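Here the structure comes first, spelled out in structure tokens, and everything after it is commentary.
The values are calculated or read from the model by the stated rules, or taken from the named source; none is laboratory data. In this text the structure is predicted, and so the values were computed from the model without any measurement. Cβ placement follows ideal geometry from the backbone for every residue including glycine, while neighbour counts extend to all protein chains displayed. All accessible areas refer to the heavy atoms of the entire protein, side chains included, with ligands and DNA or RNA removed. Shrake-Rupley method; radii C 1.70, N 1.55, O 1.52, S 1.80 Å.
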Amino acid sequence: MENNLKNELAVGKSEIGVGVERPHSYANILPYILVFPAVMVILLLYLYPFLASFWKSFISKEGVLSLVNYEKTLRLYRYDILFTMGVTAFSTFIATVLSILVAVYLRLSTGWLANSIGILYRLPIFLPFVVIAQMMRSFLAPHGTLNLFLAKLSLVDIENPLQLFNWVGLTFGFVWKQAPFMILIILGGFQMIDKSYIEAAKSVGAKLPQIITKVLIPMNKPTILIAVTLVFCSLVGCFSFPYMLIGGKTPVTITVDIAHRVNYFGDYGVANALGVFSYILVSLLAIYYVRSMMKKGLYD
């Protein structure tokens, strides 16, 4: 009888195992099936072009493996690479500071003024860079709106106006376009912070600068980092605005140089090398962002 009971238990276990194993194995493979289309799109539309561009940057016009494209790039465009990095970093920094200040004001303030600013700051988000470029050409021109306004205030001589079709105008346009986008992201993070933290800081005598630097910014650091990363990468890859504002002047951004090498010289090797430098500029901040997010996931 004892042997019969053991046999029945063994049969029961085997039947249970058979009944459970099939849906379990199907459940394991289902996520891979669902994610496969997205992975293939990334591989075909991003990873393959990136690797092809990187590889072809080492191929000379004669079809041999060489560093001639990088030598030519550094010889002709080293100042443009530094210009791109400087203007992008400077514009991102100004936009970040301005966005944090406006987002703090909108988070802590109420009333018609705050509501009006909350509506108006969103408008530039929906304008493409090519429209911004045309607007800035009219606004920043030697006899444009800004110089005429300053001349009316006797701040500049209209016969010797400010020359803003350079890094100054480029920075102004970048900040005007991207600061609202950063405000939208950073303000969303500030609004997630419970008001009790702000009230607790006020109760112990904290002033507004201390509330900003000790409470709001530290608690919203991941969101601010996301905004900085997105804006920096967007500015590195911007073409229409630098092209329309600066044109063929030097220095200019990498994207304009790439267009010139392809359209006027058909030199894809140097264009790919310039693209690699833009990848490097973006990857520095992207690596820092990924490492920060990984540390947050491990220790928070």
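Per residue, the average separation of C-alpha pairs within less than 8 Å and at least 6 apart gives region 106-171 a relative contact order of 22 percent.
Using the Cβ-Cβ distance between residue 262 and residue 154 with R0 = 45 Å, the FRET efficiency computed as 1/(1 + (r/R0)^6) comes to roughly 0.45.
Could you sort 174, 90 by their accessible area in this structure, using a 1.4 Å probe and putting the largest first?
Highest to lowest solvent-accessible surface, that is 90, 174.
Once the Cα atoms are used to define both axes, helix 2-42 deviates from the longest principal axis of the chain by about 20 degrees. Counting only trypsin sites (Lys or Arg not before Pro) that DSSP places in a loop and that have at most 13 other Cβ atoms within 10 Å, the longest clean stretch of the chain runs over 123-206. For region 69-75, the Karplus equation 6.51 cos²θ - 1.76 cosθ + 1.60, evaluated at θ = phi - 60°, returns couplings of 5, 6, 5, 5, 4, 5, 6 Hz by residue, with Gly and Pro reported as x. Between the residues 208, 242, 227, the greatest Cα displacement towards the positive end of the dipole of the chain, with unit charges on the Cβ of Lys, Arg, Asp and Glu, is found for 208. Alpha carbon centre of region 119-167 versus region 40-54: separation in Å? Here the answer is 39 Å between Cα centres.
From the Cα gyration tensor of region 146-300, with a ≥ b ≥ c the square roots of its eigenvalues, which class applies: rounded if a/c is under 1.5, or else prolate if a/b is larger than b/c, or else oblate?
Taking the square roots of the gyration eigenvalues as a ≥ b ≥ c, region 146-300 is oblate.
Mean sequence separation of contacting Cα pairs (under 8 Å, at least six apart), scaled by the length of region 40-191, corresponds to a relative contact order of 29 percent. With all protein chains in place and a 1.4 Å probe, the accessible surface of the chain carries 69 percent carbon and sulfur. Per residue, the chain reaches -25000 deg cm²/dmol at 222 nm when only DSSP H runs of four or more residues are counted, each adding -39500 (n - 2.57). Of the GluC sites (Glu not before Pro) found in region 55-160, the ones in coil according to DSSP and having at most 16 other Cβ atoms within 10 Å of their Cβ are 62, 159.
Backbone geometry of region 56-61 corresponds, through the Karplus equation with coefficients 6.51, -1.76 and 1.60 at θ = phi - 60°, to 3J(HN,Hα) couplings of 5, 5, 9, 9, 7, 5 Hz, x marking Gly and Pro. What's the extension gain from residue 115 to residue 194 if we count 0.36 nm per residue and subtract their Cα-Cα distance? Length gained, residue 115 through residue 194: 26.4 nm. Each Cα pair under 8 Å and six or more residues apart adds its separation to the average, and for the chain the resulting relative contact order is 25 percent. With all protein chains kept in place, the per residue accessible area of region 58-137 amounts to 59 square angstrom at a probe of 1.4 angstrom. Here r is the Cβ-Cβ distance between residue 240 and residue 108 and R0 is 45 Å; the resulting FRET efficiency, rounded to 0.05, is 0.80.
Specify whether the C-alpha gyration tensor of region 195-253 places it in the rounded, prolate or oblate class, a ≥ b ≥ c being the square roots of the eigenvalues: rounded for a/c under 1.5, otherwise prolate if a/b is larger than b/c and oblate if not. Because a/c hits 1.5 or more and a/b exceeds b/c, region 195-253 counts as prolate. Here the spin labels are modelled as points 7 Å beyond Cα on the Cα-Cβ line, and at residue 214 and residue 134 they lie 5.1 nm apart. By the gyration tensor of its Cα atoms, with a ≥ b ≥ c the square roots of the eigenvalues, what is the shape of the chain: rounded for a/c under 1.5, prolate for a/b over b/c, or oblate? Judged from the Cα gyration tensor, the chain comes out oblate (a/c at least 1.5, b/c at or above a/b). Placing R0 at 25 angstrom, the Cβ-Cβ distance between residue 72 and residue 284 gives a FRET efficiency of 0.60 after rounding to 0.05. In order along region 203-210, phi translates into HN-Hα couplings of 5, 9, x, 6, 8, 4, x, 6 Hz, rounded to whole numbers, per the Karplus curve 6.51 cos²θ - 1.76 cosθ + 1.60 with θ = phi - 60° and x for Gly and Pro.
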